[in-house]
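Chemist: Below you'll find the structure I mean.
Nothing in this text is a laboratory measurement; each read-out follows from the coordinates by a stated rule. Note that the structure is a prediction, hence the values are computed from the model and not measured. Positions of Cβ are backbone-derived with ideal geometry, glycine not excepted, and every protein chain shown enters the neighbour counts.
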Ligand SMILES: O=c1nc[nH]c2c1ncn2[C@H]1C[C@H](O)[C@@H](COP(=O)(O)OP(=O)(O)OP(=O)(O)O)O1
Ligand SMILES: [Mg+2]
């Protein structure tokens, strides 16, 4: 079986990638399997810059094919915040609950029609000695006024999906993957995988 390293320490992402890559017969490892690898500072100003930073740093460390995901939530009424700062919106210690509460407080009193938002995901594929490739996906929704649902991770409990009449955290994992920003980026990556993996995938 083929194997890729995903340069993430986020367990929610790791789970989603395991199932997204299983469809291609590819096994996923993450930085949770390589605890000695260094933390990569996300110093970029865009999802793309940060995804490339993470993927190239870990590809250089391991000498292997590495994929990194940089993603986040962009809320129109907050001029696109939290954006690339989504993970550390309420402080350097990543805390999903505190991030959600900060967003809900900032949107207090904002009417439903003005609570539009989207998730973005950029995947960067880095291989030592080769040019890094990126793909992206996004997913439209609205920010609820309270949390609903227990699946997924991050901002999922406050991200309303009009098509499902549910929050992202109320979707089944397969449903989320079929419509999410990460699933969308992964579809584009899937088309490139035979070339990237040297034609070894089915
Ligand atoms: O599907 C999602 N559902 C809900 N929330 C999400 C999703 N996708 C990204 N998000 C949020 C979580 C985190 O607040 C930020 C990602 O930040 P981001 O730096 O890419 O990831 P991270 O620091 O958690 O892990 P790592 O950098 O090790 O991959 O956006
Ligand atoms: Mg991060």
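Chemist: Which of 123, 104 has the fewest other C-beta atoms within 10 Å, and how do the rest follow up to the most?
Modeler: 104, 123
Chemist: Could you list 66, 92, 135 so that the one with the fewest beta carbons within 10 Å of its beta carbon is first and the one with the most is last? Provide the component values of the computation, followed by the final result.
Modeler: Details: 66 26, 92 7, 135 20.
Lowest count first: 92, 135, 66.
Chemist: How large is the Rg to Rh ratio of the chain when both quantities use alpha carbon positions and Rh follows Kirkwood?
Modeler: Values: Rg = 16.8 Å, Rh = 17.3 Å.
Looking at the chain, the ratio lands at 0.97.
Chemist: Would you mind calculating the relative contact order of the chain from Cα pairs under 8 angstrom and at least 6 residues apart, reporting the percent as a whole number? Kindly include the intermediate steps, with their values, before the conclusion.
Modeler: Working: 386 pairs, mean separation 37.1, N = 202.
Worked out over the chain, it gives 18 percent.
Chemist: Using Cα pairs closer than 8 Å and at least 6 residues apart in sequence, work out the relative contact order for the range 14-77, in percent.
Modeler: Once normalised by length, the contact order is 21 percent.
Chemist: Follow-up question, since we're still on this one. Using only Cα atoms, find the angle between the long axis of helix 11-22 and the longest principal axis of the chain, and express it within 0 to 90 degrees, rounded to the nearest 10.
Modeler: 50
Chemist: If you line up the long axis of helix 96-106 against the longest principal axis of the chain, both from Cα atoms, how many degrees apart are they, to the nearest 10?
Modeler: 40
Chemist: What's the exposure ranking of 136, 145, going from fewest to most Cβ atoms within 10 Å? Walk me through the intermediate numbers first.
Modeler: On the way: 136 19, 145 14.
Least crowded to most crowded, the residues run 145, 136.
Chemist: Next up: Just from its helices, what would the mean residue ellipticity at 222 nm be for the chain, if runs of 4 or more DSSP H residues each count -39500 (n - 2.57) and the sum is divided by every residue, rounded to the nearest 500 deg cm²/dmol?
Modeler: That comes out to -9500 deg cm²/dmol.
Chemist: Right, next: Taking only Cα atoms and a 10 Å spring cutoff, compute GNM fluctuations for the chain and point out the largest among 184, 12, 163.
Modeler: Maximum among the listed residues: 163.
Chemist: Moving on. Contact order normalised by length for the range 57-110, with contacts defined as Cα pairs under 8 Å and 6 or more residues apart; what percent is it?
Modeler: 21
Chemist: Something else: What angle, in degrees between 0 and 90 and rounded to the nearest 10, separates the Cα long axis of helix 47-62 from the longest principal axis of the Cα atoms of the chain?
Modeler: Helix 47-62 sits roughly 30 degrees off the main axis of the chain.
Chemist: For the chain, set up a GNM with springs between Cα atoms under 10 Å and report which of 166, 102, 131 has the largest fluctuation.
Modeler: Result: 131 has the largest fluctuation of those listed.
Chemist: Also: Residue 9 to residue 22: extension gain in nm, 0.36 nm per residue of separation minus the Cα-Cα distance? List each step's numbers first, then the result.
Modeler: Working: separation 13, 0.36 × 13 = 4.68 nm, distance 1.91 nm.
Result: 2.8 nm gained on full extension.
Chemist: Compare 91, 63, 109 in a GNM of the chain, Cα atoms joined below 10 Å, and give the one with the largest fluctuation.
Modeler: 109
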